[in-house]
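*Asks:* Got a structure here, written out as structure tokens. Questions coming.
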Amino acid sequence: GIPCVADRVVMAAAKAVLEPIFEADFLPTSYGFRPGLSAHHALETIRTIVNWRGKVWVLDADIRSCFDEIDSDALVAQIERRVCDRRMLKLLRGWLRAGVFEGGVVSVIEAGTPQGSPVSPLLANIALHVLDEAWAASGQRLGALVKYADDLVALCATREQAEEARELVAAVLDPIGLRVHPEKTRIVHVALGAEGFDFLGFHHRMRKSWRTGHWYLQKWPSKRAMAQVKAKIRDRTDRRYARLPLEWAVEDLNRVLRGWSNYFRYGNSAEKFDHIDAYINERLAILASTKHGLTGRNWVSRFNNQWVNQLGIYRLSGKVTRWPAHASR
């Protein structure tokens with residue numbers, strides 16, 4: 001079950017002890033939940049490898065229910081390779097096998113990491129380290145692996161290498177109780193923009209440069225990311241806000257937009273950012289028309305772009321920038 005406050009404090013302390021030990025072992029293919037690394041380091045690695053090393057066959061793999069299905073015994077065995085303190089191992093076993101109390105019955109959990117725990121991302125990285133090791137030993141000839149927690153892509157030069165990479169990933173994950181999702185795992189040929197793939201919230205696809213005539217991998221918010229932020233905008237501009245000061249809706253929206261912009265501004269997101277700005281204009285105008293009892297499309301001229309700007313809404317347009325070169329791994 002979800003750990004209580006006291007358990008979370010102990011788990012955070014355990015993470016502080018264990019993390020430096022395993023950080024010494026973790027390999028450059030792993031980016032997720034690691035000190036000094038972010039999703040953007042992984043994304044920049046993908047862009048560089050595809051654009052400058054010609055790895056245009058991509059294994060886009062989806063690990064099914066990773067945090068719920070990691071084999072507890074296999075995970076403890078991984079930890080025992082580096083940790084010999086019996087008290088720490090006993091504590092970890094207890095967390096991994098803690099039951100769920102529901103309807104007066106305690107159900108014992110045989111797999112997965114503690115739900116909502118500060119130590120869960122580290123435990124997942126430890127479990128999946130076997131994949132990084134296997135790739136370092138025999139997968140490097142196939143291409144480059146980029147892994148962020150349970151999300152991963154393998155960047156290969158040929159379809160045959162990508163298919164072999166899929167077999168290698170499946171074979172390594174099986175002993176630790178994990179499977180790649182057969183329907184969500186696919187091999188994509190990104191050359192000449194024929195296909196694209198989604199990874200870490202971005203859609204990745206090659207586009208032709210009008211200046212050089214060459215094709216380069218670019219990225220922008222995926223359809224899912226766009227749908228999610230639009231749902232949040234709708235939620236904060238629905239009819240219940242019509243009875244409240246408009247400034248309250250703007251304040252809520254600005255929190256959402258700043259966070260979303262700070263993540264997606266590193267990429268080729270200008271077109272998507274403009275789309276969201278236009279969507280915000282429309283939603284705020286509809287909200288204001290509801291507030292003032294206007295019908296039809298009378299709000300189009302009255303609640304225009306200038307009016308929206310005067311509200312102090314956070315604008316996405318102009319926020320796109322490059323990932324700083326010095327921040328690359």
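*Asks:* Under 9 Å between Cβ atoms, which residue pairs at least 6 apart in sequence (or on different chains) link something in segment 205-216 that is in contact (Cβ under 8 Å) with a residue 60 or more places away in the chain with a partner that is among the small types (Gly, Ala, Ser)?
*Replies:* Met206/Ala191; Met206/Gly193; Met206/Ala194; Met206/Gly196; Arg207/Gly193; Tyr216/Ser209
Matching residues to (1) in a strand (DSSP E or B); (2) touching a Gly at 6+ places or on another chain (Cβ under 8 Å); (3) of a type in the set (D, E, K, R); (4) at pLDDT 90 or above:
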residue: Val146; (1), (2), (3), (4): yes, no, no, yes
residue: Leu155; (1), (2), (3), (4): yes, yes, no, yes
residue: Glu163; (1), (2), (3), (4): no, no, yes, yes
residue: Leu178; (1), (2), (3), (4): no, no, no, yes
residue: Pro182; (1), (2), (3), (4): no, no, no, no
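*Asks:* Could you tell me whether segment 229-236 includes any residue that is outside the structural domain of Gly54 (by TED's automatic domain parsing), in contact (Cβ under 8 Å) with a residue 24 or more places away in the chain and over 20 Å from the mean Cα position of the chain (by Cα)?
*Replies:* yes
*Asks:* Another question, then. Would you confirm, using the coordinates I've provided, whether Ile176 is crowded, with 20+ Cβ neighbours inside 10 Å, touching a helix residue (DSSP H, G or I) at 6+ places or on another chain (Cβ under 7 Å) and hydrophobic (A, V, I, L, M, F, W, C)?
*Replies:* It is true that Ile176 is crowded, with 20+ Cβ neighbours inside 10 Å, touching a helix residue (DSSP H, G or I) at 6+ places or on another chain (Cβ under 7 Å) and hydrophobic (A, V, I, L, M, F, W, C).
*Asks:* Taking segment 280-328 as the region of interest, how many residues are modelled with pLDDT of 80 or more and assigned to a loop (DSSP other than H, G, I, E, B)?
*Replies:* 12
*Asks:* State which residue pairs qualify: first residue assigned by TED's automatic domain parsing to the domain that holds Gly312 and farther than 10 Å from Leu311 by Cβ and inside segment 244-262, second residue in a helix (DSSP H, G or I) and hydroxyl-bearing (Ser, Thr, Tyr) in any location, beta carbons under 7 Å apart, and separation of 6 or more residues or different chains.
*Replies:* Once the first residue is assigned by TED's automatic domain parsing to the domain that holds Gly312 and farther than 10 Å from Leu311 by Cβ and sits in segment 244-262, its partners that are in a helix (DSSP H, G or I) and hydroxyl-bearing (Ser, Thr, Tyr) give Trp248/Tyr241.
*Asks:* May I ask you to list the residues in segment 216-273 that are hydrophobic (A, V, I, L, M, F, W, C) and at pLDDT below 95?
*Replies:* Step one: of segment 216-273, the residues hydrophobic (A, V, I, L, M, F, W, C) are 217, 220, 225-227, 229, 231, 233, 242, 244, 246, 248-250, 253, 256-257, 260, 264, 270, 273.
Answer for segment 216-273, where residues must be hydrophobic (A, V, I, L, M, F, W, C) and at pLDDT below 95: Ala242, Leu244, Leu246, Trp248, Ala249, Val250.
*Asks:* Now for a different question. Quickly run through segment 204-225 and pick out the residues that are more than 12 Å from the chain's Cα centre (by Cα), of a type outside the set (Lys, Arg) and on the phi < 0 side of the Ramachandran plot. Let's see the steps before the verdict.
*Replies:* Kept after step one, since they are more than 12 Å from the chain's Cα centre (by Cα), are these residues of segment 204-225: 204-220, 223.
Narrowing the set further to residues that are of a type outside the set (Lys, Arg) leaves 204, 206, 209-210, 212-218, 220.
Once the filter is applied, which keeps residues that are more than 12 Å from the chain's Cα centre (by Cα), of a type outside the set (Lys, Arg) and on the phi < 0 side of the Ramachandran plot, segment 204-225 yields His204, Met206, Ser209, Trp210, Thr212, His214, Trp215, Tyr216, Leu217, Gln218, Trp220.
*Asks:* What is the residue count in segment 184-198 for residues that are without any contact (Cβ under 8 Å) to a residue 12 or more places away in the chain and within 24 Å of Asn125 (Cα to Cα)?
*Replies:* Looking only at that region, the number is 0.
*Asks:* Continuing with the same structure: Condition test on Asp277, is it at pLDDT 95 or above, more than 30 Å from Phe33 (Cβ to Cβ), among the acidic types (Asp, Glu) and outside any loop (DSSP other than H, G, I, E, B)?
*Replies:* yes
*Asks:* Right, another one. Show me the helices (runs of 4 or more DSSP H) found entirely inside segment 1-79 where at least 1 residues are at pLDDT 95 or above, in the same structural domain as Ala170 (by TED's automatic domain parsing) and over 20 Å from Val146 (Cα atoms).
*Replies:* Numbers: elements: 5-23, 39-53, 66-69.
Correct list: 5-23.
The values are calculated or read from the model by the stated rules, or taken from the named source; none is laboratory data. Bear in mind the structure is a predicted one, so any value in this text is a computation, not a measurement. Every residue, glycine among them, receives a Cβ derived from its backbone with ideal geometry; neighbour counts consider all protein chains shown.
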